[in-house]
Amino acid sequence: MPPSDLHRHLADLLQTEKGADVVFQVGRETFPAHRCVLAARSPVFSAEFFGAMKERRTAAEVVQVNDMEAPVFKALLCFLYTDSLPEMRKEDEDVMCQNLLVAADKYDMERLKLMCEVKLCEYIDVGTAATILTLAEQHHCHGLKKACFHFLSDPAKLRAVMTSDGFKHLSRSCPSIKNDLMSMLAP
């Protein structure tokens, strides 16, 4: 029995834009897509296109996406159609996964969110720990939060992180987390 190639067929559908019935405007870029595919993959898109949140749109109307950059939305569409992350340059992977995690939370896509959490665990270091922990707290990523706390359980690493700009942002955004971290330093 050959392996499933549904993901390839759906990726071709996205790439060729054949039968696309919705267009997203993200920055200066447009992305034609298929409402049924999006609705099947995301409860938020399902509600937006076919449920109680349904907005009456004509084929000529464009859906504006103002809270995301075009490369992130393109990666989100790739995942929606193929159930896999797009290929990324290694040096862009951590930032892209942070942005995709936010998008996954927004569109209620638990699998994508978990995939981003796993990837981001690889990037926890002194320079990123506070930022990733803030993201984990704000988007209810328990595994990622646990990985950050594990990294920060080393007092030397925690002290180094506490001098970062990311820690200042964490302190403002998530004061209870800051208090938890401070108590880790107490003897």
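Being within 25 Å of Val23 (Cα to Cα), surrounded by fewer than 16 Cβ atoms within 10 Å (Cβ to Cβ) and β-branched (Val, Ile, Thr) narrows it down to one of Val62, Val72, so name that one.
Result: Val62 is the single residue among Val62, Val72 that is within 25 Å of Val23 (Cα to Cα), surrounded by fewer than 16 Cβ atoms within 10 Å (Cβ to Cβ) and β-branched (Val, Ile, Thr).
Tell me, please, whether a residue that is under 29 Å from Leu76 (Cα atoms), open to solvent by less than 70 Å² (accessible area, probe 1.4 Å) and more than 15 Å from the chain's Cα centre (by Cα) can be found in region 162-169.
Yes - at least one qualifying residue is present in region 162-169.
Within region 81-94, is even one residue farther than 21 Å from Ser4 by Cβ and of a type in the set (Ser, Thr, Tyr)?
No, that holds for no residue.
Checking the condition more than 23 Å from Val161 (Cα to Cα) and among the charged types (D, E, K, R), which residue from Lys119, Lys106 passes?
That would be Lys106, the only listed residue that is more than 23 Å from Val161 (Cα to Cα) and among the charged types (D, E, K, R).
Restrict the check to region 100-107 and report whether at least one residue is assigned to a loop (DSSP other than H, G, I, E, B) and at pLDDT 95 or above.
Within region 100-107, one or more residues are assigned to a loop (DSSP other than H, G, I, E, B) and at pLDDT 95 or above.
The values are calculated or read from the model by the stated rules, or taken from the named source; none is laboratory data. Given the structure is predicted, the values throughout are model-derived calculations rather than measurements. FYI the Cβ positions are ideal-geometry reconstructions off the backbone, even for glycines, and counts take in every protein chain you see. Accessible surface is based on the protein model in full, side chains and every heavy atom, while ligands, DNA and RNA are left aside. Shrake-Rupley method; radii C 1.70, N 1.55, O 1.52, S 1.80 Å.
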